[in-house]
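K.L.:
So that we are looking at the same thing, I have put the structure below in structure tokens.
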Amino acid sequence: MPPRFLRTSARGSYLGRRAYSVTCRTSDGRPCLTHAATALPARAQLVQICREERFALLAYCFMPDHARLLVEGTSPASDLPRLIARWKQRTDVLTRTRLWQGGFSDRALGPDEDRLAAARHVLSTPVRAGLVASLLDYPYWGSAAWSRAELVNALFEGGRPLRTSAPREPAGT
């Protein structure tokens, strides 16, 4: 079956210091991303490859059958398709299965678009899907740019807007 979600931006616009909201679907829609044996290696590889490919991982949320990401290139050489391809390949090897469907869907954020609002949208996915009543009840979300406490404060308690800093280890499970 051909992938339902394909890249939506033109190739040239994938390079450089741009932010993207990305969705990657699991192969055949299998609900496998909320199992620790899959989610933990996928998260670790995502953090590592974002660093290697010069992307800030602003937010991620692993749903049963897809991953939602908010990433931002930190270099003129940052290449979104390369980031996604490397992450999918490495997680497939580590989990010894074909985890991912081909392609991905994305939305490029404008230069003045609120990253915090985009992060809120990504991280609210399990609540909107009815999996949990509160994001705090869901284990598979986080950021390599901000701690969980910083995210919760800024996103849901009206705290002051976050600024990205040097990427650090992800918070959470």
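The values are calculated or read from the model by the stated rules, or taken from the named source; none is laboratory data. All values reported here derive from a predicted model rather than from experimental measurement. Glycine also receives a Cβ, built like all others from the backbone with ideal geometry; neighbour counts cover every protein chain displayed.
K.L.:
Would you mind stating whether H121 is modelled with pLDDT under 95 and within 16 Å of G142 (Cβ to Cβ)?
P.N.:
yes
K.L.:
While we're here: Among the residues in segment 67-76, are any over 22 Å from R120 (Cβ atoms), in contact with a Leu (Cβ under 6 Å, 6 or more places away or on another chain) and surrounded by fewer than 23 Cβ atoms within 10 Å (Cβ to Cβ)?
P.N.:
Residues of segment 67-76 that are over 22 Å from R120 (Cβ atoms), as a first pass: 75-76.
Still in the running and in contact with a Leu (Cβ under 6 Å, 6 or more places away or on another chain): none.
No, segment 67-76 contains no residue that is over 22 Å from R120 (Cβ atoms), in contact with a Leu (Cβ under 6 Å, 6 or more places away or on another chain) and surrounded by fewer than 23 Cβ atoms within 10 Å (Cβ to Cβ).
K.L.:
Any residue in segment 139-153 that is free of Cβ contacts under 8 Å to residues at least 60 places away in the same chain and of a type in the set (D, E)?
P.N.:
There is at least one residue in segment 139-153 that is free of Cβ contacts under 8 Å to residues at least 60 places away in the same chain and of a type in the set (D, E).
K.L.:
Which members of segment 88-102 meet the condition of being basic (K, R) and over 15 Å from the mean Cα position of the chain (by Cα)?
P.N.:
R90, R96, R98
K.L.:
Pick from D28, D65, D92: which is among the charged types (D, E, K, R) and at pLDDT 95 or above?
P.N.:
One residue alone meets the criteria, D65.
K.L.:
Go through (1) part of a loop (DSSP other than H, G, I, E, B); (2) surrounded by fewer than 18 Cβ atoms within 10 Å (Cβ to Cβ) and name the single condition W146 misses.
P.N.:
(2)
K.L.:
Among the numbered criteria (1) without any contact (Cβ under 8 Å) to a residue 24 or more places away in the chain; (2) crowded, with 19+ Cβ neighbours inside 10 Å, which one does W100 miss?
P.N.:
Among (1) without any contact (Cβ under 8 Å) to a residue 24 or more places away in the chain; (2) crowded, with 19+ Cβ neighbours inside 10 Å, W100 violates only (1).
K.L.:
Moving on. Could you please give the count of residues in segment 98-120 that are out of contact with any helix residue (DSSP H, G or I) (no Cβ under 8 Å at 6 or more places or on another chain) and under 25 Å from S27 (Cβ atoms)?
P.N.:
Residues that pass the stated criteria total 4.
K.L.:
Something else now. Could you say which residue among R107, R98 is in contact with a strand residue (DSSP E or B) (Cβ under 9 Å, 6 or more places away or on another chain) and either of a type in the set (K, R) or farther than 25 Å from Y14 by Cα (or both)? Working first, answer last.
P.N.:
Values: R98 fails: in contact with a strand residue (DSSP E or B) (Cβ under 9 Å, 6 or more places away or on another chain).
Criteria check complete, one pass: R107.
K.L.:
So which of A85, A37, A67, A19 is more than 10 Å from the chain's Cα centre (by Cα) and closer than 22 Å to V152 by Cβ?
P.N.:
From the options A85, A37, A67, A19, the qualifying one is A19.
K.L.:
If you don't mind, another one. When the residues of segment 40-49 are narrowed to those that are more than 10 Å from the chain's Cα centre (by Cα) and crowded, with 21+ Cβ neighbours inside 10 Å, which ends up modelled with the highest pLDDT?
P.N.:
So the residue we want is I49.
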